[in-house]
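Peer 1: Before I ask anything, let me first share the structure, which is written out below as structure tokens.
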Amino acid sequence: MLVACGIARPEPLVQHLRQRHGNVSLLSFPDHYYYTRNDLEKIRLELEHMNGKGPAFIVTTEKDAVRLNLLRDIIANMQLAFTVIPVEVAFLFGEAPAFDRFVIGYTENALLAANEDPMAT
């Protein structure tokens, strides 16, 4: 399995996949990366290199899939198939209420400041 992604910390994703699927290779790109034709060629070559070392398929994140979709015609011509791992946001230790209070408080303060000084926004 080849993980091709542009996220800040791909290690937890790779570790998660290794625990479940064994052989996993990572082709990492910078966070918020916009892929090019050359990047797709790197992915294709890495996938070919992996051939014979277990299932050869490409995994990416939902975030990356959005950017890769911009190159969908090239991806189709290269006959690359991506499997997309969904991204889920979760709060640990019950922090959701504290986060909600922070966002609401910040928004209320910004609205109050904007009403006092229309040039503040």
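Peer 1: Does residue 4 satisfy being touching a residue at least 24 places away in the same chain (Cβ under 8 Å), under 16 Å from residue 81 (Cα atoms) and within 11 Å of the chain's Cα centre (by Cα)?
Peer 2: Criteria met by residue 4.
Peer 1: Which condition number in (1) touching a residue at least 24 places away in the same chain (Cβ under 8 Å); (2) among the polar types (S, T, N, Q); (3) not in a strand (DSSP E or B) is the one that residue 60 fails?
Peer 2: Tallying (1) touching a residue at least 24 places away in the same chain (Cβ under 8 Å); (2) among the polar types (S, T, N, Q); (3) not in a strand (DSSP E or B), residue 60 fails exactly one: (3).
Peer 1: Output the residues belonging to segment 7-43 that are among the aliphatic types (A, V, I, L, M), part of a helix (DSSP H, G or I) and within 14 Å of the chain's Cα centre (by Cα).
Peer 2: If the condition is that a residue be among the aliphatic types (A, V, I, L, M), part of a helix (DSSP H, G or I) and within 14 Å of the chain's Cα centre (by Cα), then 13, 14 are the ones that fit.
Peer 1: In addition: Can you find a residue that is in contact (Cβ under 8 Å) with a residue 40 or more places away in the chain and in a helix (DSSP H, G or I) anywhere in segment 74-81?
Peer 2: For segment 74-81, residues in contact (Cβ under 8 Å) with a residue 40 or more places away in the chain and in a helix (DSSP H, G or I): absent.
Peer 1: Also, quick follow-up: Counting only residues that are modelled with pLDDT of 90 or more and not aliphatic (A, V, I, L, M), which one in segment 76-102 is farthest from residue 27 (Cα to Cα)?
Peer 2: Going through the qualifying residues, I end up with 77.
Peer 1: Same structure, new question: In contact (Cβ under 8 Å) with a residue 40 or more places away in the chain and part of a helix (DSSP H, G or I): is that true of residue 46 in this structure?
Peer 2: yes
Yes/no matrix, rows are residues, columns are (1) surrounded by fewer than 12 Cβ atoms within 10 Å (Cβ to Cβ); (2) out of contact with any strand residue (DSSP E or B) (no Cβ under 7 Å at 6 or more places or on another chain); (3) at pLDDT 95 or above:
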{"site": "1", "(1), (2), (3)": "no, no, no"}
{"site": "17", "(1), (2), (3)": "no, no, no"}
{"site": "25", "(1), (2), (3)": "no, no, no"}
{"site": "31", "(1), (2), (3)": "no, yes, no"}
{"site": "74", "(1), (2), (3)": "no, yes, yes"}
{"site": "112", "(1), (2), (3)": "yes, yes, no"}
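Peer 1: Please work out if residue 61 is at pLDDT 90 or above, under 22 Å from residue 8 (Cβ atoms), touching a Leu at 6+ places or on another chain (Cβ under 8 Å) and of a type outside the set (Lys, Arg).
Peer 2: Yes, satisfied.
Peer 1: Of all residues being modelled with pLDDT of 70 or more and not aromatic (Phe, Trp, Tyr) in segment 46-58, which is nearest to residue 84 (Cα to Cα)? Just the residue, please.
Peer 2: Among them, the one singled out is 58.
The values are calculated or read from the model by the stated rules, or taken from the named source; none is laboratory data. Keep in mind the model is a prediction, meaning the values are calculated, not measured. Because the Cβ atoms are built from the backbone with ideal geometry, glycine has one as well, and the counts that use them run over all protein chains shown.
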